[in-house]
Amino acid sequence: MEVSVLNIKGEDTGRKVTLNDAIYGIEPNDHAIYLDVKLILANHRQGTAKSKERSEITGSTRKLIRQKGSGGARRGDIKSPLLRGGGRVFGPKPRDYSQKLNKKERILARKSALTYKARENEIIVVEDFTLAEPKTKAFIEILNNLKIDGKKSLFVMPASDKTVYLSARNLQKVRIMPAALLNTYKVLDNDVMVIAEGALSVIEGNLIKN
């Protein structure tokens, strides 16, 4: 699949790049995408929620009312879950939510997601670029030139570029990411992907040579 290369002014450079069919033209595997996205979201969970149970509450162990005859529920000390300020029954405890997935399945999921993007013509390839200084106004101009202003967009760079990152940081619908960190969730969680020309080889190296 051939895609025209644009510059940051939105102009066609007259050059084209071929998107590797082994990455952007496979038969997508929806189940692999589901497993990988579920893993990514689960691994982002902190798992630090914690509430105190009866044995962890500070308080007297004296039995407040007699066992029978009061007409109310039986209960023991002031730490009872039936009372306000008492311990919680089966409350959350710190836990590890992380999951694992085979490397081949993760690669298949990323290829499948990129294939969907290519099929929907949601991939724009631009010349490698940087900015002289961090300036949000300059980055907004790039969005306008590429006619993607207002769309949720992901810019995939060959490597980390602090100037570009700082320029786009205040834009709610724009994300900047080095190609080495690209994952299935990030590929799908946007309306359009803008891939810098140099990032294509990084993506290909991660998904084919591995």
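The values are calculated or read from the model by the stated rules, or taken from the named source; none is laboratory data. Predicted model only: the values in this text are computed from it and were never measured. All Cβ positions, even for glycine, are placed from backbone atoms using ideal geometry, and neighbour counts span all protein chains on display. To get the accessible areas, we keep the full protein, side chains included, count just its heavy atoms, and leave off ligands, DNA and RNA. Shrake-Rupley method; radii C 1.70, N 1.55, O 1.52, S 1.80 Å.
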Can you tell me which lysines have their Cα less than 17 Å from the Cα of LYS137? Leave out same-chain residues fewer than eight positions away.
LYS9, LYS147, LYS151, LYS162, LYS173
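Okay, helix-only estimate at 222 nm for the chain: each DSSP H run of n ≥ 4 adds -39500 (n - 2.57), divide by all residues, round to 500 deg cm²/dmol; what do you get?
-9500 deg cm²/dmol
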Using the per-residue mean of other Cβ atoms lying within 10 Å as a proxy for protection, in what order, highest first, do the peptides 85-92, 103-110, 160-167 fall?
103-110, 160-167, 85-92
Overall dimensions of the chain as given by Cα atoms, namely Rg and Dmax in Å
26.5, 91
Using a 1.4 Å probe on the protein heavy atoms only, what accessible surface does LEU188 show? Give it in Å² to the nearest 10.
70 Å²
When the Cα atoms of region 89-210 are enclosed in a convex hull and the volume is divided per residue, what value in Å³ results?
156 Å³
Keeping all protein chains in place and using 1.4 angstrom, which order do SER80, SER4 fall into by accessible surface area, from largest down?
SER4, SER80
Eigenvalues of the Cα gyration tensor times 5, then square-rooted: what semi-axes does that give for region 25-122, in whole angstrom, largest first?
54, 13, 10
Partner aspartates and glutamates for LYS186 [C-alpha distance under 17 Å; skip if fewer than 8 residues away on the same chain]
ASP30, ASP36, GLU105, GLU120, GLU122, GLU204
Taking every DSSP beta bridge with both residues inside the chain, roughly what % is antiparallel (nearest 5)?
20 percent
What are the principal axis extents of the Cα atoms in region 76-148, in Å, biggest first?
72, 38, 23
